[in-house]
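Visitor: I have a structure here, written as structure tokens, and I will follow up with some questions on it.
The values are calculated or read from the model by the stated rules, or taken from the named source; none is laboratory data. Nothing here was measured: the structure is a model prediction, and the numbers come from that model. Virtual Cβ from ideal backbone geometry, glycine too; neighbours counted across all protein chains shown. Please note that ligands, DNA and RNA were not included when accessible areas were found on the heavy atoms of the full protein model with its side chains. Shrake-Rupley method; radii C 1.70, N 1.55, O 1.52, S 1.80 Å.
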Amino acid sequence: MNLVVGLSVLGAALAIGLAVLGASIGQGIAVSKATEAVGKNPSAKPEVMNMLFIGLLTMIVLILFALAIAIVLIFLNPFIH
């Protein structure tokens, strides 16, 4: 029983950790490229910003999915009850 609980917590920590790590690297790259694009062509700023926000929101949604998986692993795990 303790092994299942421990591995569930470890799995939840890995899910959140890897999701946040990947999304933060992706957000950094996206903001860097958007800044570069606006610097080269300032008139394209509205289009670049719209696409940037859509991409950043997609990354945040993936983090929320990982959070949902972690919550299921910790609180709704059928092997614990």
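Visitor: Check I63, I80, I74, I54 and return the single one that is of a type in the set (V, I, T), open to solvent by 60 Å² or more (accessible area, probe 1.4 Å) and in contact (Cβ under 8 Å) with a residue 12 or more places away in the chain.
Guide: Selected residue: I74, the only one of I63, I80, I74, I54 that is of a type in the set (V, I, T), open to solvent by 60 Å² or more (accessible area, probe 1.4 Å) and in contact (Cβ under 8 Å) with a residue 12 or more places away in the chain.
Visitor: Sticking with this one: Condition (residue is surrounded by 13 or more Cβ atoms within 10 Å (Cβ to Cβ), outside any helix (DSSP H, G or I) and over 19 Å from the mean Cα position of the chain (by Cα)) applied to region 33-47: is it met by at least one residue?
Guide: No.
Visitor: So, in region 1-15, exactly how many residues are surrounded by fewer than 12 Cβ atoms within 10 Å (Cβ to Cβ) and touching a residue at least 40 places away in the same chain (Cβ under 8 Å)? Break it down stepwise before answering.
Guide: Our first condition is that a residue be surrounded by fewer than 12 Cβ atoms within 10 Å (Cβ to Cβ); within region 1-15, this holds for 1-4, 6, 10.
Then keep just the ones that are touching a residue at least 40 places away in the same chain (Cβ under 8 Å); that gives 1, 4.
Number satisfying all stated conditions: 2.
Visitor: Can you find a residue that is touching a Ser or Thr at 6+ places or on another chain (Cβ under 9 Å) and open to solvent by 50 Å² or more (accessible area, probe 1.4 Å) anywhere in region 16-32?
Guide: No, the conditions are met nowhere in region 16-32.
Visitor: Any residue at all in region 26-45 that's among the small types (G, A, S) and under 29 Å from F75 (Cβ atoms)?
Guide: yes
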